[in-house]
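Below is one structure, written out as structure tokens; comments come after it.
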Amino acid sequence: MSAPHPEATHVPAQAAPDRYLDVPGARLRYRDEGAGAALLLVHGWTLDLQMWEPQVTALRQGLRLVRLDRRGHGGSDGVADVRHDAADLAALARHLVLAPLAILGMSQGARAAAQFALRSPQVRALILDGAPDLTLAQTPEDVPIEHFRELARRGELATLRREWAAHPLMQLRTREPWAHELLAATIARYRGADLLATAAATEVQDTPLELSALRQPTLILCGAQDVPARVQAARRLAQLLPAAELALVEGAGHLPNLDNPRRYNELCRSFLLRHRC
């Protein structure tokens, strides 16, 4: 059995139960645990709510942590569609009366988090982790979506998962077995339904975000060893957003919450405390 990760000192005897919320076109799985100011956690493409285990373990002592599976991922049904993410987040926030709240979005989930923050004055603080360039309307070129879509169409999901697990964005820098096991299990749960739907479900066919309207305090996180395009995007976002600060997580790639959870959690906790979240 693998040793527990370094943040695993407050793991409860029983994990938080899965709960579900019906929204138009989908049933969303979520978990709600901890007490205090609310932080909504939004995962990236092919991942699910279990990617946040190190954060829940460390941060639930002072925060109410709500994490969901975006539609079509994990235990949520429906077809994954980035155009519906912000509405799904709003529905969950209304259902759980999360106001005010902070939101943390990772990778593709960062776009959803930013869209939600633009529409929702109850969002008091925003954390964007490994975000693509949100000034662009299309899926970033560092993800070979069309190739993966063709694999899905041919029913080669095992090949798709294997190639995605080998992609630079999915490479962990840590040697901790628990992190590798968690990521491998998460990718193995990805069903590829979004790739079999219309291209719009995976590619963002929206106008670029009006970042100048994001007035909330914003922490831009990025692994110091993430792919160059994402590090560049992080620096650009930090310059464009009116109230942003940038933190590069040392010893980490595109999944800094798994590569260096201690530092990642410290940065999130400090930012939220400074902004009274």
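The values are calculated or read from the model by the stated rules, or taken from the named source; none is laboratory data. Bear in mind that the values here come from a model prediction, so they are computed numbers and not experimental data. Note: ideal-geometry Cβ built from the backbone for every residue, glycine included; neighbour counts use all protein chains shown.
Looking at the range 49-61, can you tell me whether even one residue there is under 19 Å from ARG124 (Cα atoms), in contact (Cβ under 8 Å) with a residue 40 or more places away in the chain and out of contact with any Asp or Glu (no Cβ under 8 Å at 6 or more places or on another chain)? Yes, the range 49-61 contains a residue that is under 19 Å from ARG124 (Cα atoms), in contact (Cβ under 8 Å) with a residue 40 or more places away in the chain and out of contact with any Asp or Glu (no Cβ under 8 Å at 6 or more places or on another chain). State whether one or more residues within the range 110-131 are under 15 Å from the mean Cα position of the chain (by Cα), under 14 Å from ASP194 (Cα atoms), assigned to a helix (DSSP H, G or I) and not basic (Lys, Arg). For the range 110-131, residues under 15 Å from the mean Cα position of the chain (by Cα), under 14 Å from ASP194 (Cα atoms), assigned to a helix (DSSP H, G or I) and not basic (Lys, Arg): absent. With respect to (1) under 20 Å from ILE220 (Cα atoms); (2) hydrophobic (A, V, I, L, M, F, W, C); (3) within 15 Å of the chain's Cα centre (by Cα), the lone exception for ALA38 is condition (3).
Where helices (runs of 4 or more DSSP H) fall entirely within the range 136-218, those with at least 2 residues that are buried (at least 19 other Cβ atoms within 10 Å of the Cβ) and at pLDDT 95 or above are at 145-153, 157-166, 177-189. Counting only residues that are assigned to a loop (DSSP other than H, G, I, E, B) and among the basic types (Lys, Arg), which one in the range 61-109 is surrounded by the fewest Cβ atoms within 10 Å (Cβ to Cβ)? The extreme case among them is ARG71. Name every residue in the range 240-272 that is part of a helix (DSSP H, G or I) and modelled with pLDDT under 95, in order of residue number. Within the range 240-272, just LEU240 meets the criteria.
Each residue in the range 245-277 was checked for being among the polar types (S, T, N, Q) and touching a helix residue (DSSP H, G or I) at 6+ places or on another chain (Cβ under 8 Å), and 2 pass. Among the residues of the range 261-271, those that are under 16 Å from the mean Cα position of the chain (by Cα) and crowded, with 21+ Cβ neighbours inside 10 Å comprise PRO261, TYR264, CYS268. State all residues of the range 21-43 that are surrounded by 15 or more Cβ atoms within 10 Å (Cβ to Cβ) and over 20 Å from ARG274 (Cβ atoms); if no residue qualifies, say none. Across the range 21-43, the qualifying residues are LEU21, VAL23, ALA26, LEU28, ARG29, TYR30, ARG31, ASP32, GLU33, VAL42, HIS43.
Scanning the range 231-277 for residues that are closer than 24 Å to TRP178 by Cβ and among the charged types (D, E, K, R) returns GLU250, ASP259, ARG262, ARG263, GLU266, ARG269. In the set (1) touching a strand residue (DSSP E or B) at 6+ places or on another chain (Cβ under 6 Å); (2) free of Cβ contacts under 8 Å to residues at least 60 places away in the same chain; (3) buried (at least 24 other Cβ atoms within 10 Å of the Cβ), the condition left unmet by ILE127 is number (2).
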